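> Take this structure, written in structure tokens, and hold onto it; I'll ask about it next.
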Amino acid sequence: MGRQSEAFVELLQLMQLEALEVNLFRGVSRDIGTQRVFGGQILAQALLAACATVEGRLPHSLHGYFLRAGDHEAPVVYQVDRTRDGRSFSSRRVQAIQHGRPIFTFAASFQVEEEGLEHQFTAPDVPPPDEATPIEQLQCGDIEKLPVDLQRWLDRFGPFEFRAVRGGDPNDRVPRPPFKDLWFRLHGDYRNDPVMNRALLAYVSDFHLVGTATLPHGISWLRDRLMVASLDHAMWFHREFRLDDWLLYACDSPNSGGGRGLSRGMIFDRAGRLVASTAQEGVIRLLRSPEGEDQT
């Protein structure tokens, strides 16, 4: 089995929850070199736990708060509260627990399918994915400085392939406008299931988003002593989509201050349909270098 297949299989394994009791589920964790459980993993697993308690309705929005850094060597238990089931909407609350303490709290809303008024923002006019630069080419030799597990998850053999249009070069330390556009798609064959699609999109939406807030400041998560940690994550699903074709992640950051940065994202398919929107705030701190350390 090749590296690409292994990474894809590992991702799907992360998406399989064990039912422990009514409204109680357990998920495995994966070390991807981030020193804590990856936020996208917790987000996706919490969504799947909520979905397991709802029938005939798909999630249209989710909101989560990261309370503590997760332990990637331990499983995560998800406790679901069936808050409400109405005629058109259902609400669920989920608490993710490790070592007896909550590490994440989450709410999701579900809706029956219905017709209504439609409008959307126009997709950015960007080069197509075959003209965009793969992320691993942008990183050049610096990717070797990252933890091995993170290298494996980010390079072309990872579960997702990323291609940057603008704002995606981690080597670039020139202050830029707070905008980032990149294409991404899932590696591997999978069953086109609307619930799993949403879980996997929630997972990948945590890549590259909050980092958009660093672009105006000319700092690099590869070269600078930078602390970045997600505080929350919100997501809205607008239209059906497939992950095995290219999707465009158009991100911006309207504000940074008080040690926090706010980033927003819109996800378009190749036809220009807006399929999902995201928002995230994170802690962003530029740490002092140890005495005598060269930061150039």
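> Beta carbons within 10 angstrom, averaged per residue: use that to sort the peptides 96-102, 259-265, highest first.
Taking the mean over residues of other Cβ atoms within 10 Å, the ranking is 259-265, 96-102.
> Can you sort L209, L24 so the residue with the fewest Cβ neighbours within 10 Å comes first?
Least crowded to most crowded, the residues run L24, L209.
> Would you mind computing, in nm to one decimal, how far apart the modelled labels at D85 and E131 are, each placed 7 Å from Cα along Cα→Cβ?
Placing both labels 7 Å beyond Cα along the Cβ direction yields 5.1 nm.
> If each residue's Cβ is checked for other Cβ atoms within 10 Å, how do H208, H119 rank with the fewest at the top?
On the way: H208 21, H119 5.
Ordered by Cβ neighbours within 10 Å, fewest first: H119, H208.
> Within a 10 angstrom radius of the beta carbon, how do T278, T122, T214, T83 rank from fewest other beta carbons to most?
Placing the least packed residue first, the sequence is T122, T83, T278, T214.
> Specify the inter-centroid distance of segment 75-97 and segment 25-69, based on alpha-carbon positions, in whole Å.
Each part's Cα centre sits 12 Å from the other's.
> Ok, one more. Picking from I267, W246, L209, whose Cα lies most toward the positive end of the charge dipole for segment 200-287 (charges on Cβ: Lys, Arg +1; Asp, Glu -1)?
Result: L209, furthest along the dipole toward the positive end.
The numbers here are math on the coordinates, done by the rules we state, and not lab data. This structure is a prediction, so every number in the text was calculated from the model and none was measured. Quick reminder, even Gly has a Cβ in these numbers, built from the backbone with ideal geometry, and neighbours come from all protein chains shown.
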